[in-house]
Amino acid sequence: MACACFAFSSVSMLQSCEDNIDENYNFPNDNEDDSEQNQLIIDISQSPHTNLNNINGTSYLGSNVIDSQGLLLVKSSGTKIKAYSRRCTHSSYIVNAYNNQGFAVCSSGHGGSFNLNGNVAAGPPSSSLRSYATSLDGNILTISK
Ligand code: FES
């Protein structure tokens, strides 16, 4: 009888958890990602990424399958878009989107910022932002980890 009660209790717990799942929830980034969850595919002809059609144009993403703190994107040449983690290398706060001067300022208030190459522009971070592999085929940007 004890086993029957335990089994009933487990089923109830599972049911309860399933009830809390919102099947209509949309994650902040509605970009396509492949089934292996190790690539992110973005169409840079679409908003909000159209700045990436210009050299030194930038864009950014929130949490996604590549990086839980999001990505900074920079068009570094006619055929290359770089992708950096938004995880600050000082104490892991989120780095804000690039400003009009080309600096991505850490949200911590510690004073850290990074340039368009992902390198430290102002302390206290001592190392560059993590970069991810990218490929650009026409308007289709693929970011891989
Ligand atoms: S966490 Fe970014 S400067 Fe401190």
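Within the bounds of the range 90-102, is there any residue that is away from the ligand (no atom under 16 Å from the Cβ), assigned to a loop (DSSP other than H, G, I, E, B) and touching a Leu at 6+ places or on another chain (Cβ under 6 Å)?
Of all residues in the range 90-102, those away from the ligand (no atom under 16 Å from the Cβ) come to 100-102.
Still in the running and assigned to a loop (DSSP other than H, G, I, E, B): 100-102.
Then drop every residue that is not touching a Leu at 6+ places or on another chain (Cβ under 6 Å), which leaves 102.
Yes, there is a match, as at least one residue in the range 90-102 is away from the ligand (no atom under 16 Å from the Cβ), assigned to a loop (DSSP other than H, G, I, E, B) and touching a Leu at 6+ places or on another chain (Cβ under 6 Å).
What do you reckon, is L141 in contact with a helix residue (DSSP H, G or I) (Cβ under 8 Å, 6 or more places away or on another chain) and either more than 13 Å from the ligand (Cβ to nearest atom) or at positive phi (or both)?
Working: in contact with a helix residue (DSSP H, G or I) (Cβ under 8 Å, 6 or more places away or on another chain): yes; either more than 13 Å from the ligand (Cβ to nearest atom) or at positive phi (or both): yes.
Considered against the rule, which asks whether it is in contact with a helix residue (DSSP H, G or I) (Cβ under 8 Å, 6 or more places away or on another chain) and either more than 13 Å from the ligand (Cβ to nearest atom) or at positive phi (or both), L141 comes out as yes.
Matching residues to (1) surrounded by 20 or more Cβ atoms within 10 Å (Cβ to Cβ); (2) within 16 Å of the ligand (Cβ to nearest atom):
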position	(1), (2)
I66	yes, no
L72	yes, yes
K75	yes, no
C88	yes, yes
A121	no, yes
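Considering only residues of the range 133-145 that are surrounded by 17 or more Cβ atoms within 10 Å (Cβ to Cβ) and of a type outside the set (V, I, T), which is nearest to I66 (Cα to Cα)?
L141
Tell me which of these P125 doesn't satisfy, since it passes every other one: (1) more than 10 Å from the ligand (Cβ to nearest atom); (2) of a type outside the set (D, E, K, R); (3) more than 18 Å from the chain's Cα centre (by Cα); (4) part of a loop (DSSP other than H, G, I, E, B).
(1)
Can you tell me how many residues in the range 104-119 are surrounded by 15 or more Cβ atoms within 10 Å (Cβ to Cβ), more than 10 Å from the ligand (Cβ to nearest atom) and free of Cβ contacts under 8 Å to residues at least 24 places away in the same chain?
1
Looking at Y132, Y84 in this structure, which one is within 16 Å of the ligand (Cβ to nearest atom), aromatic (F, W, Y) and out of contact with any Cys (no Cβ under 7 Å at 6 or more places or on another chain)? Steps first, answer last, please.
Numbers: Y132 fails: within 16 Å of the ligand (Cβ to nearest atom).
That would be Y84, the only listed residue that is within 16 Å of the ligand (Cβ to nearest atom), aromatic (F, W, Y) and out of contact with any Cys (no Cβ under 7 Å at 6 or more places or on another chain).
Rule-based calculations on the coordinates, nothing more; no lab input. Since the model is a prediction, treat every value here as computed from it, not as a measurement. When we count neighbours, we look across all protein chains shown, and the Cβ atoms used for this are built from the backbone with ideal geometry, even at glycine.
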